[in-house]
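Notes for the one structure printed next.
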Amino acid sequence: MDPKPIITLLFLISATVIAAQEYVRPPPRKALHFPWSQKHSSHPQQVHISLAGDKHMRVTWITNDKSAPSIVEYGTSSAKYSSVAQGESTSYSYLLYRSGKIHHTVIGPLEHGTVYFYQCGGQGPEFQFKTPPAQFPITFAVAGDMGQTEWTKSTLDHIDQCKYDVHLLPGDLSYADYMQSRWDTFGELVQPLASARPWMVTQGNHEKENIPLLKDGFASYNSRWKMPYEESGSSSNLYYSFEVAGVHAIMLGSYTDYDEYSDQYRWLKADLSKVDRQKTPWLVVLFHVPWYNSNKAHQGEGDSMMAAMEPLLYAASVDIVLAGHVHAYERTKRVNSGKSDTCGAVHITIGDGGNREGLAHKYINPSPEWSVFREASFGHGELKIVNSTHAFWTWHRNDDDEPVRSDQFWITSLLSSGCVAEKRHELRSILVAP
């Protein structure tokens, strides 16, 4: 008997086994336990910051003391505060739950790329943050569907090791799901990172928390995580935009009206009409429900929003779209209308931050022609905008050390490729349409 076929078969079996063993997914991890700790009623808790217009930062914190002042003292030297700002406060009730006093104070003007030290409410610990740079390069950390599990802690630990300027979160923050105390524990969990770098977030389905006839949706989210919607001309905290170091970022709402007659759509047209691609060569969009998804989870959920808004975003030459919702990672080619298009956006699903619901393991096979990389693992992404023409994207699996890049690729801006100029007339036609 000729041994060659047997040897070939054994080789193929061995190669298959080795390939399968390259990555073995670990079992799920437990939810984090937060022991109760006594704090002074005026002690600032759940401190986080967010960009609030040109050269300004919004500082948000909570106190149990309803009379605590909404002031932030800050400066460029530790314990030597040269400036003070007065802010506003709010609170909310949710069935039997009563929130603490939620403070929102905008500070500035601030210098770019500078470390500031600050104290909230005139007492408590000193915090510090670094403002983003004025120009390229700039790095964004990206992770959605966070939750409060041991995997979440692993994701945050990985992000803490990378050098980034702004955190982008495409929805599903605390997974409180009506249990309001979980918003408080989430705020404490992310405070070490969220107090040191701006967190720019948009809403997901787990932020809804509406109770028919009793409670409107997003009450907790809007009270706790105020974003620069007013600064960007929006009437809702569920959609807004901001500019930082040559990037115009648009945060859209998957769970508020988005058809062509909606306030969100009208605002988006107005916002895009103000974008100057010479000043901000890169256009990045975030929302929760992915439009391009080859995972079996949440199939078709983004179709109606895609039908309404993709033509506008395509005409505007959006470079990158970041989404969550599906608890896995996937990256596409440049796409539009369901197929590859060199002038379309790269879509990245990154709903793998560590949520308690676990990973979405099942994919559609064979994979669509537009899908480049997909894997059901927890992790985070890093988007480094190097200059006006090139950006570098990496995805880091939690099971690997932070420097390990599980997926990586270079992106060329649509401005430099000529697509922006090519579609200028198309965009103008859409923007001026009633």
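The values are calculated or read from the model by the stated rules, or taken from the named source; none is laboratory data. Please read all numbers here as calculations on a predicted model, not as lab measurements. FYI the Cβ positions are ideal-geometry reconstructions off the backbone, even for glycines, and counts take in every protein chain you see. The accessibility values were calculated without ligands, DNA or RNA, using every heavy atom of the protein model including side chains. Shrake-Rupley method; radii C 1.70, N 1.55, O 1.52, S 1.80 Å.
Within the chain, which cysteines find no other Cys whose Cβ is under 4.7 angstrom from their own?
By the Cβ distance rule, which asks for a partner under 4.7 Å, the isolated cysteines are CYS120, CYS162.
Just to confirm the filter: which GluC sites (Glu not before Pro) across the stretch 344-434 are DSSP coil and have at most 12 other Cβ within 10 angstrom of their Cβ?
Here the sparse-neighbourhood loop sites are GLU369.
Restricting to the chain, compute how many DSSP beta bridges are antiparallel as a %, nearest 5.
The antiparallel fraction comes to roughly 80 percent.
Which value, in Å², gives the accessible area per residue of the stretch 149-208 when a 1.4 Å probe is used on the protein heavy atoms?
Accessible area per residue: 29 Å².
Could you state the number of Å between the C-alpha centres of the stretch 370-434 and the stretch 153-179?
Taking the Cα centre of each part, the stretch 153-179 and the stretch 370-434 sit 20 Å apart.
Only Cα pairs within less than 10 Å get springs; with that Gaussian network setup on the chain, which residue of ARG331, ARG277, ARG58 has the largest fluctuation?
ARG277
Please list, in chain and number order, the residues 5+ apart from HIS390 or on another chain whose amide H is under 5 Å from its amide H, with Hs placed from the backbone.
Distant-sequence amide H within range of HIS390: SER413.
Percent of accessible area on the chain owned by carbon and sulfur, 1.4 Å probe?
Reported share for carbon and sulfur atoms: 53 percent.
Cα axis of helix 263-273 to longest principal axis of the chain: angle in degrees, 0 to 90, nearest 10?
With rounding to tens, the tilt is 80 degrees.
For a test of the definition: using alpha carbon positions, the gyration tensor, and the 1.5 limit on a/c, classify the stretch 314-369 as rounded, prolate or oblate.
Oblate.
For the chain, the longest stretch holding no chymotrypsin sites (Phe, Trp or Tyr not before Pro) located in a DSSP loop with at most 11 other Cβ atoms within 10 Å is which?
In short, 37-260.
For the stretch 164-280, what's the relative contact order in percent, using C-alpha pairs closer than 8 Å and at least 6 residues apart?
19 percent
Go through ILE385, ILE364 and list them by solvent-accessible area, largest first, probe radius 1.4 Å.
ILE364, ILE385
Which residue fluctuates most in the GNM of the chain (Cα springs below 10 Å): GLY246, GLY358, GLY124?
The residue with the greatest mean-square fluctuation here is GLY124.
What is the distance in Å between the Cα centres of the stretch 192-249 and the stretch 66-97?
19 Å
Would you mind telling me the antiparallel percentage of the DSSP bridges in the stretch 259-353, rounded to 5?
50 percent
In what sequence, largest accessible area first, do LYS215, LYS208 appear using a 1.4 Å probe?
Highest to lowest solvent-accessible surface, that is LYS208, LYS215.
Give me the accessible area per residue for the stretch 358-405, probe 1.4 Å, as a whole number in Å².
That works out to 44 Å² for each residue.
Please list, by residue number, every one of the GluC sites (Glu not before Pro) in the stretch 74-169 that is coil in DSSP and has at most 15 other beta-carbon atoms within 10 Å.
GLU111, GLU126
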